[in-house]
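Below is one structure, written out as structure tokens; comments come after it.
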Ligand SMILES: Nc1ncnc2c1ncn2[C@@H]1O[C@H](COP(=O)(O)OP(=O)(O)OP(=O)(O)O)[C@@H](O)[C@H]1O
Ligand SMILES: [Mg+2]
């Protein structure tokens, strides 16, 4: 292991996020030959949480090395907070932005990023659409990702098989449920999440505590994972307190404590290693419990306190090494013993083999090796896998996603239905308040205010569907990272599925107000009126999407959205006449890029041009609509109202494009910034002599008998 810190290719690699419809060609070529085999090697993986001078730098992972092979299932075990999720995130390229990773991750001998579908990852929390049933969720997922060549029946067969495999038959037709809709249980949700990923037999499957809320069914779930592995897939799963039967299903074991390797190797041999190290597993104890008991230093203080009291002294035999040593000490001994053991030497040589041989092996020989090893009849059709998580065509993805999104919208009361009802009620209010407004002198102001209200406040109410949209976005992020589809497909499908609802909102509102207020002079005016409302509501929707992609949660989103839309309304030309707006900022450019001014101008032109109003003093000449607009509302009449509508729709399109670009940039540019951040952090850290030095094997520092609370700094010697 080298002594210098090197920036991992995961950040520095030039390849951006491909996957979905837009996988980069080079990546495809390098992977295509491997036909679904994934040999994963990680070397000297260190994850630090830099503090930039405020307290010690925390090491979350200490130079971990290991490998995972096809056909085998690996368990990552360790006490809570030992870095299991961090290790999985690091391998999957999904570390949070505040930490820095160094080391190498090689997939089939090549450095590459493992996100956007290269790896399927079942995270600790389940992100699902609550309005769909279990069967629907899995079916849509299957249609999104299974090859387009499969017939409907074949897809259905795979779906039913997966439902059975995960033991979900009983709840298959129940709704999943969300924050306001009680649905299936937590364990069932977890199993649905796993089902979604094992559906396509991904060649590289990560799971973070898949069995944590499953109790008795954990065995079946792990058995299903094992069967995935038997198909020649590589499965890595962190696991919490497995029973001895579950533990026996695992081929390999990665035992972590405080971010350090306690043991890595075959799961069966671990018992031998512990015995050799002087901590044999009592014959009737569950081995995994024994391992965790040895290395879980969380409760050293408690044990020490208890020891002081009579209770324990009476019951414990002093011959048990576990009771005379603090677990931190045991852990330190194990860590060191492992480093010097034959197991670690064997692992290192195997790693070297995997990282060098595979990169030069002809892909054909690799795949023949693969097919001779794992030719399971059940999943023959799924053997060849592209580098993204989906094999479905673009068009199929779009159709499926649009349908799913449409179903979700139709079942979620809060998405559009509630809004349609509120719009109808408010429209009736507006209709009655301005009922038959007429062309008297006072009607001028009334028409102005009514137009201002409809294009301003009524469109503003569209932020109500934001929470539902956020839920959909969360599902999008998960599916995008697992490579189900690309950004473009998501945005298009969202547009298509929401279109009918927006039209419904616009036309109900438009019809009620138009005919009650009696704006009217003809069908084209009515159509224009409705289209104008439609455009304005679409802008608000799109604006909220942009906000959703920039802020972390929906409360902040609604606050930000209200602020932004408030500004747009202020500059529309009703609260302050357009020519009176201060020229810098407010007139140029805000009033041009905000939808308010365009839709208000269009609405006034549509309404007033061609009308004649009664004068203030009876007997004076009647007031023409054009003059009213020019002199009272001071709106320019140099273009037709259709140009205003056109500008409105141009804004809709440009907002949607902005949304697309933001999502894309987040994928492409964030790795670049992360690599800069990593470089900068490492530059600072490397200047500290204490960091450059690897924690040496004989270092006394590691015989740390302090409790976890003081050890939580992960024994980092960095000041
Ligand atoms: N982005 C982060 N910022 C700050 N601390 C972090 C971050 N990620 C992880 N940690 C810390 O790193 C340690 C390991 O976290 P991790 O989530 O990997 O533990 P775990 O082994 O998965 O635990 P559990 O079994 O409870 O899920 C914890 O002490 C956690 O507080
Ligand atoms: Mg975790």
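None of the figures in this text is laboratory data; all of them are computed from the coordinates on show. Not measured: the values here are computed from a predicted model. Methodologically, a virtual Cβ is constructed for each residue, glycine included, from the backbone with ideal geometry; neighbour enumeration extends over all protein chains shown.
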Exercise for review: Calculate the length of the line joining the C-alpha centroid of region 467-506 to that of region 197-241, in whole Å.
Suggested key: 29
Exercise for review: Please give the peptides 579-588, 651-660, 73-82, 671-680 ranked by average Cβ packing (other Cβ atoms within 10 Å per residue), highest first, as a rough proxy for protection.
Suggested key: 73-82, 651-660, 671-680, 579-588
Practice item. Among 193, 524, rank each residue by its count of other Cβ atoms within 10 Å, from fewest to most, as a rough exposure measure. Key: 524, 193
Point to revise | Spin-label pair residue 637/residue 148, simplified geometry with 7 Å Cα→Cβ offset, distance in nm | key: 5.4
Exercise for review: With a 10 Å radius around each residue's Cβ, average the other Cβ atoms per peptide and rank 277-284, 163-170, highest first.
Suggested key: 163-170, 277-284
Revision key, fill the gap. From the Cα centre of region 69-123 to that of region 508-536, the distance in Å is 56
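Provide the packing ranking of 287-295, 611-619, 43-51, i.e. peptides ordered by the mean count of other C-beta atoms within 10 Å per residue, highest first. Kindly include the intermediate steps, with their values, before the conclusion.
Numbers: 287-295: 21.2, 611-619: 12.3, 43-51: 19.7.
Put in order of decreasing packing, that is 287-295, 43-51, 611-619.
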Revision key, fill the gap. For the residue 241, residue 352 Cβ pair and Förster radius 35 Å, calculated FRET efficiency rounded to 0.05 is 0.55
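What is the extension gain from residue 407 to residue 276, computed as 0.36 nm multiplied by their sequence separation minus the C-alpha to C-alpha distance, in nm to one decimal?
Details: separation 131, 0.36 × 131 = 47.16 nm, distance 5.93 nm.
Full extension from residue 407 to residue 276 adds 41.2 nm.
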Check your understanding: How many nm is it between the label spots at residue 127 and residue 683, if each spot is 7 Å from the Cα in line with the beta carbon?
Key -> 3.3
